[in-house]
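Below you'll find the structure, written out as structure tokens, and then a few comments.
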Amino acid sequence: MKKLAVFDLDSTLLDGESINMILNQRLNNPAKKKILEEIRARGMAGELDLESSLKQRIAFFRGISLQELEIYCNAIPWTKGAKATIAELKRRGYLTVCLSGGFRTITRRSVNELGVDAYCCNRLAHSNGVLTGEISGNLMHHKSKGEVLNKIQLNLNISPQNTLVVGDGANDLSLFDYAYTRIAFCAQRVLQKQATHIIRDRELSQLLDCI
């Protein structure tokens, strides 16, 4: 029997929000940091559409070199228990996938370091090795993750009953439309309301008790 486990990246597999963590290191202006956090919080709570939130935050990336970006991304830690959880899910026969509204430099680490089977994310625009502050891709709006998940299910003939999803914010709600097991991990209240299981501690392996 085919089974599917789909994870959000930021604040789920990763122990924090990658965009904000990178910019908090780079920005020296407290006022800009405050604006950045307000944008993130409104987006996670569903008060600001995902595409607007993402584009507004990525605009701050303008001028960062690809080399700098790689250094920033590699410094962001994984959530406690992430690697062991992926390994155990694969042992139990799950195909593991990471769907992120973030970007390739950080998302591909889930494959290289955690052993996740596949990922889908957005792309940062760059010119001459420097980021332009623009982003594009297939995961730019609130229903994007659910749409991608549904395509994976149809292509692999995996039912919602054999699908579990894990996320923390409003942009993960669409994943919940296509999964029988819906895990809210240290999540926003809006996601907890639709979850079958809620994990409040930042120990990802607790989800193994939910399946």
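No lab work stands behind these numbers, since they all come straight from the coordinates. Bear in mind the structure is a predicted one, so any value in this text is a computation, not a measurement. Note that we place each Cβ from the backbone using ideal geometry, even for glycine, and neighbour counts take in every protein chain shown.
Sort Cys210, Cys98, Cys73 so the one with the fewest other Cβ atoms within 10 Å of its own Cβ comes first.
Ascending Cβ contact count within 10 Å gives the list Cys210, Cys73, Cys98.
On alpha-carbon atoms, Rg over Rh for the stretch 77-154 using Kirkwood Rh?
Value, to two decimals: 1.03.
Are there any trypsin sites (Lys or Arg not before Pro) in the stretch 159-204 that are in a DSSP loop and have at most 12 other Cβ atoms within 10 Å? List them by number.
Here the trypsin sites (Lys or Arg not before Pro) that fit, given the DSSP loop and packing criteria, are Lys193, Arg200.
Which of Val97, Val165 comes first, and how do the rest follow, when ranked by fewest Cβ neighbours within 10 Å?
Sorted ascending by nearby Cβ count, the order is Val97, Val165.
So which lysines can Lys32 reach, going by Cα to Cα under 25 Å and dropping same-chain residues fewer than 8 places off?
Counting by Cα, and skipping residues close in sequence, Lys32 has these lysines nearby: Lys55.
With Rg and the Kirkwood Rh both taken from Cα atoms, where does Rg over Rh land for the chain?
On the Cα set of the chain, Rg over Rh gives 0.96.
GNM on the chain, C-alpha springs below 10 Å: top fluctuator among Pro30, Pro160, Pro77?
Of Pro30, Pro160, Pro77, the most mobile in the Gaussian network model is Pro30.
List the chymotrypsin sites (Phe, Trp or Tyr not before Pro) within the stretch 145-211 that fall in a DSSP loop (any state other than H, G, I, E or B) and whose Cβ has at most 11 other Cβ atoms within 10 Å.
none
What is the Å³ per residue value for the convex hull set by the Cα atoms of the stretch 110-211?
136
Tell me, what HN-Hα J-couplings in whole Hz come from the Karplus equation 6.51 cos²θ - 1.76 cosθ + 1.60 at θ = phi - 60° for each residue of the stretch 116-121, using x for Gly and Pro?
Going residue by residue, I get 4, 6, 7, 9, 9, 7 Hz, with x marking Gly and Pro.
Treating only the Cβ atoms of Lys and Arg (+1) and Asp and Glu (-1) as charged, compute the dipole magnitude of the chain about its Cα centre; round to the nearest 20 debye.
Taking the Cα centre of the chain as origin, the dipole is about 120 debye.
Listing Met21, Met140 from the residue with the fewest other Cβ atoms within 10 Å to the one with the most, what is the order?
Result, fewest neighbours first: Met140, Met21.
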